[in-house]
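Trainee: Dropping the structure in here first, questions after.
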Amino acid sequence: MPHSECPDCEATDIVEETVTHPFEYGAKPTVVLHATHPVFRCKGCGYQWADYRAEEAQDQAVKDFNNGYF
C-alpha cells in the first residue's frame, strides 16, 4: 500500500476502499459525471484521501463523456 501513515493523525491503520463520486464538468450548464477510484481511509480518525488514481479516473470519465477527447 502506498500510504502507511495517516496525514492527519499519523495513525498507521489505513485501509484502501473504492468509491464513486460525482463531479461537475463543463461550462454552465455543467453536467455531473462520476469517477470510481480508490481512496485511503484512516481507521483511527476517519480521514480520507486519494492519490493520483482519482485524477486519472476523472480524466477517463471526461474522455468517455466526450467520446475519447478532452
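Trainee: For the range 28-50, indicate whether the set of residues that are over 25 Å from S4 (Cα atoms), open to solvent by less than 60 Å² (accessible area, probe 1.4 Å) and more than 14 Å from the chain's Cα centre (by Cα) is non-empty.
Mentor: First pass over the range 28-50, keeping only residues over 25 Å from S4 (Cα atoms): 28-34.
Still in the running and open to solvent by less than 60 Å² (accessible area, probe 1.4 Å): 30-31, 33.
This time we only want the ones that are more than 14 Å from the chain's Cα centre (by Cα), so: 30-31.
Yes, some residue in the range 28-50 is over 25 Å from S4 (Cα atoms), open to solvent by less than 60 Å² (accessible area, probe 1.4 Å) and more than 14 Å from the chain's Cα centre (by Cα).
Trainee: Would you please name the residue that is modelled with the lowest pLDDT, looking only at residues in the range 11-48 that are among the aliphatic types (A, V, I, L, M) and within 20 Å of Q60 (Cα to Cα)? Don't jump to the end; show me each part of the working.
Mentor: Of the range 11-48, the ones among the aliphatic types (A, V, I, L, M) are 11, 14-15, 19, 27, 31-33, 35, 39.
Keeping just the survivors that are within 20 Å of Q60 (Cα to Cα) gives 19, 27, 31-33, 35, 39.
On the way: V19: 97, A27: 87, V31: 94, V32: 96, L33: 97, A35: 97, V39: 96.
If we take residues in the range 11-48 being among the aliphatic types (A, V, I, L, M) and within 20 Å of Q60 (Cα to Cα), then A27 is modelled with the lowest pLDDT.
Trainee: Within the set of pairs 6+ apart or on separate chains, which have a first residue in the range 17-37 that is part of a loop (DSSP other than H, G, I, E, B), a second that is open to solvent by 50 Å² or more (accessible area, probe 1.4 Å), and C-beta atoms under 9 Å apart?
Mentor: Hits for this filter: G26/F65; T30/E24.
Trainee: Starting from the range 44-70, take each residue that is over 15 Å from E16 (Cα atoms) and free of Cβ contacts under 8 Å to residues at least 24 places away in the same chain and list its partners that are outside any helix (DSSP H, G or I) and open to solvent by less than 100 Å² (accessible area, probe 1.4 Å), counting only C-beta distances under 7 angstrom and pairs at least six apart or across chains.
Mentor: Listed by first residue and then by second, the contacts come to A57/A35; A57/T36; A57/H37.
The values are calculated or read from the model by the stated rules, or taken from the named source; none is laboratory data. These numbers were taken from a predicted model, which means no experiment stands behind them. Because the Cβ atoms are built from the backbone with ideal geometry, glycine has one as well, and the counts that use them run over all protein chains shown. Only protein heavy atoms, including side chains, enter the accessible area calculation; ligands, DNA and RNA are left aside. Shrake-Rupley method; radii C 1.70, N 1.55, O 1.52, S 1.80 Å.
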